[in-house]
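Below: the structure, in structure tokens.
The values are calculated or read from the model by the stated rules, or taken from the named source; none is laboratory data. From a predicted model like this one, the values you see are computed outputs, not experimental measurements. Note that we place each Cβ from the backbone using ideal geometry, even for glycine, and neighbour counts take in every protein chain shown. Accessible surface areas use protein heavy atoms only, side chains included; no ligands, DNA or RNA. Shrake-Rupley method; radii C 1.70, N 1.55, O 1.52, S 1.80 Å.
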Amino acid sequence: SIGMFQFGYAIAMFNIFTKMLFLQYEHEGGEVISNRDDFNSIITTMVPIGATAGAFTGGLLCSLGRRKAIFIVNAIIMVGSGITMIFNFWALLGGRLLIGYAAGAYTVI
């Protein structure tokens with residue numbers, strides 16, 4: 001299903017960039033966790049946390065109909081992806097959480 005693809009893509013592809021992203025946050029003096037491994041762990045963990053919430057609440061979206069639910073989840077992914085582009089640590093975490101939520105909701109739809 002597309003939910004499993006989104007989940008795997010969100011975790012696997014983003015991990016490639018975390019080292020570079022950590023160094024960029026550190027260089028710019030942005031808010032960042034001092035240990036690179038902890039930084040990577042926290043950012044990566046946001047997707048499964050969001051996916052758990054999405055899997056539990058995704059069934060509520062199905063009451064709107066499958067087509068509308070898919071459109072809503074697609075909108076959530078677009079918003080989450082847009083938020084991750086903001087150069088702010090907390091925005092990155094929030095965007096990853098939304099992407100995870102949408103991936104979890106896809107597994108139910």
**Q.** Qualifying positions in region 49-88 - open to solvent by less than 10 Å² (accessible area, probe 1.4 Å) and under 30 Å from G29 (Cβ atoms)
**A.** G50, G80
Q: Those residues that are surrounded by fewer than 11 Cβ atoms within 10 Å (Cβ to Cβ) and more than 19 Å from N88 (Cβ to Cβ), I need them from region 2-33; list them, please.
A: A12, M13, I16
Q: May I ask you to list pairs of residues, at least six apart or on different chains, whose Cβ atoms are under 6 Å apart, with the first in region 1-30 being modelled with pLDDT of 80 or more and the second being open to solvent by 90 Å² or more (accessible area, probe 1.4 Å)?
A: F22/R36
